[in-house]
Amino acid sequence: MSGVYSNKQWKVTLPIEGKPGKPKEVMSPFPHVPGCFEILEGGKIKMSASVNGFTTPTSKYPRSEFREMDPVTGEKAAWDPSTTDSEMKWTASIDEIPPIKPQVVIGQIHDEEDDVIMLRITKKLIEVITDTTKHGVLDDNYTLGEVYNASIKVKDGMITVNYEKNGIACKPVLIKATKSLSYFKVGCYTQSNLTKEPSGRGSITLHSVVVTHNGKQGPIGEFSGSGSVPVPPDSSSSPKDDPKKDDPKKDDPKKDDKKDDKKDDKKDDKKDDKKDDKKDDKKDDKKKDSDKDSDKDSDKDSDKDSDKDSDKDSDKDSDKDSDKDSDKDSDKDSDKDKKKKKDKKKDKKKK
């Protein structure tokens, strides 16, 4: 089976294609790599590390292991054990252990310098350890291939490890957390190398893994090529039963986003139209007011002009009347003078 697993919650270290002290590190998406990172049917990953694999600079043992990342920033995860409420849950099976030194680490919390706790199998015994200190036994009779559920929870500066197999839960193991910034790791960390034995490997099958910080669950990842998505160990339903995933008629989130964008655009357009209408109305009102003022001014001017014209006409008429009156008076005076002359002539004749 081949495919690709995508989950920004993790970076994977593989014991291949490198040199001593520098193994291959891959960021999401993770391809199918035969022999160390194999994507299986049903949304599972087989993680393996042979005793002859490349190691990291600070370890002498090879690994095929996930290292927690911040899925938002893409940076290495680093949280404070004294203030956080963090948990990693996973479901897996241990399939192979080296024959001579039969030890594999299957999960751990690591800080800035070293491991804080590790879940490790030795032959049939699964226990919680820190370096050489043993904190408690989770399973004293493990058979290779059995599926188990485990969790590591950090809260109020304390670490709680839980383990369950075949419906039977063990007593939780409690450990005090360190004060250094920490992160989760899960996978196959083989505790042997060529100095211990000429061949052999460790191998686990990871069914699912989920990390939660302060009540917020991280991504559970997706597989392409297998059609499956891993689910949390305590989940009672499979993603295959999710009608939203199987029903092609269901809206795609991207399409929904586009629809929302279109709706928002229409709303914005309506708002803009209303604004434009208001502006136009204001402009029209201003124009009307301006026209009214103009009409008033025009009327005033017209009245003034009319008054002026009237005054002029009145003056003209008055002048005319005055001229007429003057002419009349002049005519009268002329007639009087004529009579006087006639009377004088008559008097002379009589004499």
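Tabulated results
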read-out	value
Hits in segment 173-184 - residues which are open to solvent by 20 Å² or more (accessible area, probe 1.4 Å) and not aliphatic (A, V, I, L, M)	176, 178, 179, 180, 183
Filter pass, residue 187 being open to solvent by less than 10 Å² (accessible area, probe 1.4 Å) and at pLDDT 95 or above	yes
Residue match in segment 38-46 (condition: in contact with a Lys or Arg (Cβ under 9 Å, 6 or more places away or on another chain), of a type outside the set (Phe, Trp, Tyr) and open to solvent by less than 50 Å² (accessible area, probe 1.4 Å))	yes
Of all residues making up segment 149-168, the number that are over 15 Å from residue 107 (Cα atoms), touching a strand residue (DSSP E or B) at 6+ places or on another chain (Cβ under 7 Å) and either at pLDDT 95 or above or of a type in the set (Ser, Thr, Tyr) (or both)	3
Of all residues in segment 1-36 being assigned to a strand (DSSP E or B) and among the polar types (S, T, N, Q), the one that is modelled with the highest pLDDT	13
Unique match (being small (Gly, Ala, Ser), open to solvent by less than 70 Å² (accessible area, probe 1.4 Å) and more than 40 Å from the chain's Cα centre (by Cα)) among 136, 221	136
Verdict on residue 195 being over 37 Å from the mean Cα position of the chain (by Cα), open to solvent by 70 Å² or more (accessible area, probe 1.4 Å) and more than 18 Å from residue 117 (Cβ to Cβ)	yes
Tally of residues being crowded, with 20+ Cβ neighbours inside 10 Å and hydroxyl-bearing (Ser, Thr, Tyr) across segment 57-77	2
Residue that is surrounded by the fewest Cβ atoms within 10 Å (Cβ to Cβ) [pool: residues in segment 78-114 that are of a type in the set (A, V, I, L, M, F, W, C) and over 18 Å from residue 218 (Cα atoms)]	100
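The values are calculated or read from the model by the stated rules, or taken from the named source; none is laboratory data. Because the structure is a prediction, the values reported are computed rather than measured. Because the Cβ atoms are built from the backbone with ideal geometry, glycine has one as well, and the counts that use them run over all protein chains shown. Side chains are part of the model used for accessible areas, which takes the heavy atoms of the whole protein and leaves out ligands, DNA and RNA. Shrake-Rupley method; radii C 1.70, N 1.55, O 1.52, S 1.80 Å.
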